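Throughout, read-outs are computed from the coordinates displayed, never taken from laboratory work. This one's a predicted model, so the numbers in the text were calculated from it and none came from an experiment. Using ideal geometry, Cβ is built from the backbone for each residue, glycine included, and neighbour counts are taken over all protein chains shown.
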Amino acid sequence: MDLIFATGNEHKIREISKMLSNRFNLLGLKDIQCFVDIPETSNTIQGNAILKAQYVYDNYGKNCFAEDTGLEIKALDMRPGVFSARYAGEAKSSEANIAKVLEELGSLEGREARFRTVIAYILDGNIMTFEGIIEGHIAHQKMGTDGFGYDPIFIPENETRTFAQMSAKEKNEISHRARAFKKFMNHLNL
Ligand code: ITT
């Protein structure tokens, strides 16, 4: 059975496909010939997840799910949060985003942070949302080369390594995305 994930982010698709039972065939936006960068104009993570799922439902008439993720840093008043993708500008550069966060935090010691993912699932026009959070803190410099986005600077709770120093399997066992996705799968009774 096809399951459409309304995302253009190949890293997200790779992570989710590893969590999915092989009864499903995961399709991204490209697979349904959608090459639009869906506008994310809401000021909440949940709102943007819903916008992405709703866009595909309205324009392609297909049930699907989407997700929005934000990194919330306590000392930065929960920024970048909903602005995580474009924190350092429209180019959506992870390098630049990380550099901006590290510069803003400086040598500050209180570096508590969390990743928050909200999955929005739209079925015949009805929307449901599922949230996943992982607490942790921000490293003083980039560490590791795996993962994507802010992974090189995020150290999850009870760990000394960043997500980028962990295997994909290790990240998938505890991540914000995995926690939201588990709730979604439970809802589908899978
Ligand atoms: P969509 O097509 O799904 O919107 P996107 O890359 O634009 O893909 P978001 O709008 O959710 O994704 O942007 C979230 C930002 O947070 C973006 O800079 C990502 O690189 C980053 N991010 C998302 N999930 C992450 C994860 O698991 N680890 C590290 N960074 C992540």
Review point. The range 30-106: which GluC sites (Glu not before Pro) are DSSP loop and have at most 11 other beta-carbon atoms within 10 angstrom?
Key: Glu90
Check your understanding: Kirkwood-based Rg over Rh for the range 35-137 (C-alpha set), two decimals?
Key -> 1.04
Revision key, fill the gap. What one gets for the range 106-153 as the Kirkwood radius, inverse of mean 1/r over different Cα pairs in Å, is 13.3 Å
Practice item. Go through Lys62/Lys100; Lys18/Lys100; Lys12/Lys74; Lys52/Lys171; Lys30/Lys100; Lys18/Lys74 and tell me which ones have a Cα-Cα distance over 28 Å in this structure. Key: Lys62/Lys100; Lys18/Lys100; Lys30/Lys100; Lys18/Lys74
**Study point:** Principal axes of the chain: Cα extent on each, largest first, Å
**Key:** 49, 31, 24
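As an exercise, use a Förster radius of 22 Å and the Cβ-Cβ distance of Lys169 and Leu20 to find the FRET efficiency, rounded to the nearest 0.05.
After rounding, the FRET efficiency stands at 0.95.
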**Study point:** P(r) of the range 1-52 over all Cα-Cα pairs, binned every 10 Å from zero, in whole percent
**Key:** 24, 49, 26, 2
